[in-house]
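Let me begin by presenting the structure, written as structure tokens, before commenting on it.
The values are calculated or read from the model by the stated rules, or taken from the named source; none is laboratory data. Being a predicted model, the structure only gives us computed values, none of them experimental. All Cβ positions, even for glycine, are placed from backbone atoms using ideal geometry, and neighbour counts span all protein chains on display.
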Amino acid sequence: MPNSATVDSLPSLVSPAVTPNLVTTDVPIKLGIMASGSGSNFEAVAQAIANQQLNAKIQVLIYNKPGIKAIARAERWGVPAVFLNHRDYPSREALDEQIVHTLRQYEVECVVMAGWMRLITQVLIEAFPNRIINIHPSLLPSFKGVQAVEQALSAGVKIAGCTVHLVTLEVDSGPILVQAAVPVLADDTAESLHARIQVQEHRILPQAIALLQS
Ligand code: GRF
């Protein structure tokens, strides 16, 4: 029986299938990425662009937690990082107004929520209609919200996974763009399963961005 030591070598199903070259247009799409954590998905997008697999440019990283790993990643890729502390704003709408202002300042066309741990409002959604995507570590519509991997393990599912979807006001509920399935192993912890899910996240996020472009 496979165990978590075989992490990357397990079969996985991605739909729609990831093609090696995702470039669908000559014009690079201008991305704004929002993150609250490690930024491994930021890195995956930056790497897909560097590999010329994806025709895009990351204009800005917006983050809301000081000291997160995503900042150093942005620095390494030469992407400006802007700190917007939610505590500085009286309401979610006020924070979103500043986010919209920043995204416009950096001429962003498409917004990628890659581990952004704040609820967003109509203010942001209306500013970028059908141009905001989110990556979530479950096969939606199962296990919405926080601790999705833990929820999947407690439910005893045998197939977990990840989803990239368009963002609507209701959390983790917009139209689905791409999903990847990841088998759950008998000895999985939330950490080991999340690590394997993230391998797939890093494949499907560039794929979803290319779909937006096509
Ligand atoms: C990912 O698992 C994503 O699905 C969830 O938050 C995590 C962010 O990971 N929304 P990272 O910061 O990109 O490494």
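What the table below lists for this structure:
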{"quantity": "Count of residues meeting criterion [out of contact with any helix residue (DSSP H, G or I) (no Cβ under 8 Å at 6 or more places or on another chain), among the hydrophobic types (A, V, I, L, M, F, W, C) and farther than 15 Å from Asn134 by Cα] in the range 188-212", "calculated": "0"}
{"quantity": "Sole residue being closer than 30 Å to Val182 by Cβ and not small (Gly, Ala, Ser), chosen from Pro141, Pro66, Pro129", "calculated": "Pro141"}
{"quantity": "Sole exception among (1) under 30 Å from Pro80 (Cβ atoms); (2) surrounded by 20 or more Cβ atoms within 10 Å (Cβ to Cβ); (3) among the hydroxyl-bearing types (Ser, Thr, Tyr) for Ser138, by number", "calculated": "(1)"}
{"quantity": "Answer residue from the range 30-63, given it is touching a Leu at 6+ places or on another chain (Cβ under 8 Å) and among the β-branched types (Val, Ile, Thr) and is farthest from the ligand (Cβ to nearest atom) among those", "calculated": "Val60"}
{"quantity": "Per-region count, the range 148-167, residues under 15 Å from the mean Cα position of the chain (by Cα) and of a type outside the set (A, V, I, L, M, F, W, C)", "calculated": "3"}
{"quantity": "Members of the range 126-140 that are on the phi < 0 side of the Ramachandran plot and under 16 Å from the mean Cα position of the chain (by Cα)", "calculated": "Arg131, Ile132, Ile133, Asn134, Ile135, His136, Pro137, Ser138, Leu139, Leu140"}
{"quantity": "Unmet criterion (only one of (1) away from the ligand (no atom under 16 Å from the Cβ); (2) of a type outside the set (Lys, Arg); (3) more than 19 Å from Asn64 (Cα to Cα)) for Ala148", "calculated": "(1)"}
{"quantity": "Filter result for Ile71 (part of a strand (DSSP E or B) and either modelled with pLDDT under 95 or within 16 Å of the ligand (Cβ to nearest atom) (or both))", "calculated": "no"}
{"quantity": "Residue in the range 102-112 that is crowded, with 19+ Cβ neighbours inside 10 Å, within 16 Å of the ligand (Cβ to nearest atom), touching a residue at least 40 places away in the same chain (Cβ under 8 Å) and closer than 21 Å to Gln198 by Cβ present", "calculated": "yes"}
{"quantity": "Count of residues meeting criterion [surrounded by 17 or more Cβ atoms within 10 Å (Cβ to Cβ) and either modelled with pLDDT of 95 or more or among the basic types (Lys, Arg) (or both)] in the range 18-44", "calculated": "13"}
{"quantity": "Val18 closer than 24 Å to Ala195 by Cα, more than 11 Å from the ligand (Cβ to nearest atom) and either in contact (Cβ under 8 Å) with a residue 40 or more places away in the chain or among the aromatic types (Phe, Trp, Tyr) (or both)", "calculated": "yes"}
{"quantity": "Test result for Val171, more than 21 Å from Leu13 (Cα to Cα), surrounded by fewer than 23 Cβ atoms within 10 Å (Cβ to Cβ), within 14 Å of the ligand (Cβ to nearest atom) and free of Cβ contacts under 8 Å to residues at least 60 places away in the same chain", "calculated": "yes"}
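Matching residues to (1) of a type in the set (Asp, Glu); (2) within 14 Å of the ligand (Cβ to nearest atom); (3) within 24 Å of Ser12 (Cβ to Cβ):
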site	(1), (2), (3)
Val123	no, no, no
Ile132	no, yes, no
Pro137	no, yes, yes
Ile159	no, no, yes
Cys162	no, yes, yes
